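Engineer: Let me give you the structure first, and then I'll get to my questions.
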Amino acid sequence: MVQVRGEGVQLLWVTISLLALSTLVVVTRLGVRKWRKRLGMDDWLMCLGLLLYAVTASLVIVCCFYGAGQYSKDLTETDIHRGIKIYYIAEFIYAASIVPIKTSICVALLHIVYAYRWCALAVWGVMITVAFTSIVFIIAIANLCHPITALWGETKGVCHPQLNSSISFYFSAVSIASDFTLATLPGVLLWNMQMKRRVKFFVAIMLSLGAFASCATIIRLRLLTLYDNPAEFMYSAGAIGLWSMVEEGIGIIAGSMPALRPLLDLPVFRRGSTNGSDSQQACIHGKSYMPGISNQGSGKLVQVHSHSADVTMCSSVGDGSSRDDVT
């Protein structure tokens with residue numbers, strides 16, 4: 001083992017920070033869903049994604065102490081071989097963890113968009129494409145060398161270093177497209193919705209995080225050519241691994257943000273609101289995707305006008321004590 005230096009320092013602390021933050025967000029998500037009695041498949045899928053992300057992060061952290069982000073001239077041959085082996089295992093789990101994370105987001109979106117056929121088809125397309133791409137990626141990296149132990153120098157064999165960068169380009173391109181789709185769909189659906197300022201702020205943060213995950217993948221895309229130099233594999237592991245961990249960590253956080261929306265109804269987030277800011281009307285115009293609406297508390301006005309598949313829902317809260325829940 002060696003002292004963490006170079007790109008490895010950033011990789012180490014970013015990985016630790018994102019692992020802690022994503023764990024906190026998912027635990028809070030589960031608490032909110034249990035409080036609202038709405039635990040569902042999307043929650044358990046995100047938990048599985050977090051578990052796989054935690055395993056990947058743990059391997060990456062260990063890899064930092066075997067020279068990730070450092071040049072080969074500063075490392076022993078033993079450390080390089082062990083570091084490559086650990087990073088290689090982390091690549092497998094990284095590819096697998098993408099599937100439950102993005103599937104969780106897709107399942108949550110399907111509850112909202114199932115009445116909009118084109119949106120539902122787009123979400124299903126993302127799920128199928130991500131799963132297929134992950135399988136292709138795993139199969140490809142399993143065939144980087146024959147036998148695979150030749151990759152980290154245990155045996156002699158034939159390796160294809162360019163295969164790693166090529167399949168990573170393909171995987172990253174699909175990730176960018178899926179992230180962009182999942183980040184923009186909620187914005188399209190909310191385009192004609194009038195919301196309170198704090199809700200708009202919450203939605204803006206959620207969409208910004210989704211866009212940032214795409215940016216992380218784009219940055220990683222520019223670094224993938226580093227894989228073409230097998231002599232400096234550990235340096236490339238530090239540079240590329242950093243943005244891989246950012247992509248998944250931000251994905252978990254962004255995918256869990258919608259589940260935290262009920263926290264905005266807590267008194268601590270409603271302090272300082274005036275009657276003028278609270279007594280506003282929120283209207284949703286579009287096709288009905290709500291199985292039922294229950295009004296709790298002492299709301300002043302709730303109106304639902306349904307004509308065929310079209311729905312207009314307006315709610316006005318005068319004292320901040322009532323809310324409309326979609327059940």
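Engineer: Scan region 101-119 and tell me whether some residue there is part of a helix (DSSP H, G or I), touching a residue at least 24 places away in the same chain (Cβ under 8 Å) and more than 23 Å from Asp42 (Cα to Cα).
Structural biologist: Checking region 101-119: not a single residue is part of a helix (DSSP H, G or I), touching a residue at least 24 places away in the same chain (Cβ under 8 Å) and more than 23 Å from Asp42 (Cα to Cα).
Engineer: Do you know which residues across region 115-165 are among the polar types (S, T, N, Q) and under 16 Å from Ile105 (Cβ atoms)? Full working, then the answer.
Structural biologist: The first filter runs over region 115-165 and keeps only residues among the polar types (S, T, N, Q), leaving 129, 133-134, 143, 149, 155, 162, 164-165.
Within region 115-165, Thr129, Thr133, Ser134 qualify.
Engineer: Do we find a residue being modelled with pLDDT under 80 and part of a helix (DSSP H, G or I) anywhere in region 227-236?
Structural biologist: Just the residues of region 227-236 that are modelled with pLDDT under 80, to begin with: 228, 230.
Right, trim to part of a helix (DSSP H, G or I) and you get 228, 230.
Yes, some residue in region 227-236 is modelled with pLDDT under 80 and part of a helix (DSSP H, G or I).
Engineer: Looking only at region 98-129, filter to residues that are more than 16 Å from Ile176 (Cβ to Cβ) and of a type in the set (Gly, Ala, Ser); which one of those is farthest from the chain's Cα centre (by Cα)?
Structural biologist: That would be Ala115.
Engineer: Among the candidates Ile61, Ile16, single out the residue that is farther than 30 Å from Arg261 by Cα and part of a helix (DSSP H, G or I). Talk me through it step by step, then tell me what you get.
Structural biologist: Details: Ile16 fails: farther than 30 Å from Arg261 by Cα.
Going through Ile61, Ile16 in turn, just one is farther than 30 Å from Arg261 by Cα and part of a helix (DSSP H, G or I): Ile61.
Engineer: Right, something else. I want to confirm something. Restricting to region 223-237 and keeping residues that are surrounded by fewer than 22 Cβ atoms within 10 Å (Cβ to Cβ) and of a type outside the set (Ser, Thr, Tyr), which single residue is nearest to Cys64 (Cα to Cα)? Write out each step before concluding.
Structural biologist: Taking region 223-237 and keeping what is surrounded by fewer than 22 Cβ atoms within 10 Å (Cβ to Cβ), we get 223-226, 228-232.
Those left that are additionally of a type outside the set (Ser, Thr, Tyr): 223-224, 226, 228-232.
Numbers: Leu223: 18, Leu224: 19, Leu226: 17, Asp228: 21, Asn229: 19, Pro230: 18, Ala231: 17, Glu232: 14 Å.
The qualifying residue nearest to Cys64 (Cα to Cα) is Glu232.
Engineer: I'm trying to understand the selection: among the residues of region 65-80, which are aromatic (Phe, Trp, Tyr) and in contact with a Phe, Trp or Tyr (Cβ under 8 Å, 6 or more places away or on another chain)?
Structural biologist: We begin by selecting, within region 65-80, every residue aromatic (Phe, Trp, Tyr); these are 65-66, 71.
Residue satisfying the conditions is Tyr71 alone.
Engineer: Could you tell me whether region 156-172 includes any residue that is modelled with pLDDT of 85 or more, assigned to a helix (DSSP H, G or I) and closer than 30 Å to Leu263 by Cβ?
Structural biologist: No, every residue in region 156-172 fails to be modelled with pLDDT of 85 or more, assigned to a helix (DSSP H, G or I) and closer than 30 Å to Leu263 by Cβ.
Engineer: Here's something else I'd like to know. May I ask you to list pairs of residues, at least six apart or on different chains, whose Cβ atoms are under 8 Å apart, with the first in region 133-161 being free of Cβ contacts under 8 Å to residues at least 12 places away in the same chain and surrounded by fewer than 18 Cβ atoms within 10 Å (Cβ to Cβ) and the second being assigned to a loop (DSSP other than H, G, I, E, B) and of a type in the set (S, T, N, Q)?
Structural biologist: Pro147/Thr155; Thr149/Thr155
Engineer: Would you confirm whether any residue within region 181-197 is charged (D, E, K, R), modelled with pLDDT under 85 and under 25 Å from Cys64 (Cα atoms)? Before you say what the answer is, go through the steps one by one.
Structural biologist: Just the residues of region 181-197 that are charged (D, E, K, R), to begin with: 196-197.
Okay, now just the ones that are also modelled with pLDDT under 85, so 196-197.
So of that shortlist, the ones also under 25 Å from Cys64 (Cα atoms) come out as none.
Within region 181-197, none of the residues are charged (D, E, K, R), modelled with pLDDT under 85 and under 25 Å from Cys64 (Cα atoms).
Engineer: Name the residues in region 1-36 that are more than 15 Å from the chain's Cα centre (by Cα) and within 16 Å of Ser244 (Cβ to Cβ), would you?
Structural biologist: Glu7, Gly8, Gln10, Leu11, Leu12, Trp13, Val14, Ile16, Ser17
The values are calculated or read from the model by the stated rules, or taken from the named source; none is laboratory data. Keep in mind the model is a prediction, meaning the values are calculated, not measured. Note that we place each Cβ from the backbone using ideal geometry, even for glycine, and neighbour counts take in every protein chain shown.
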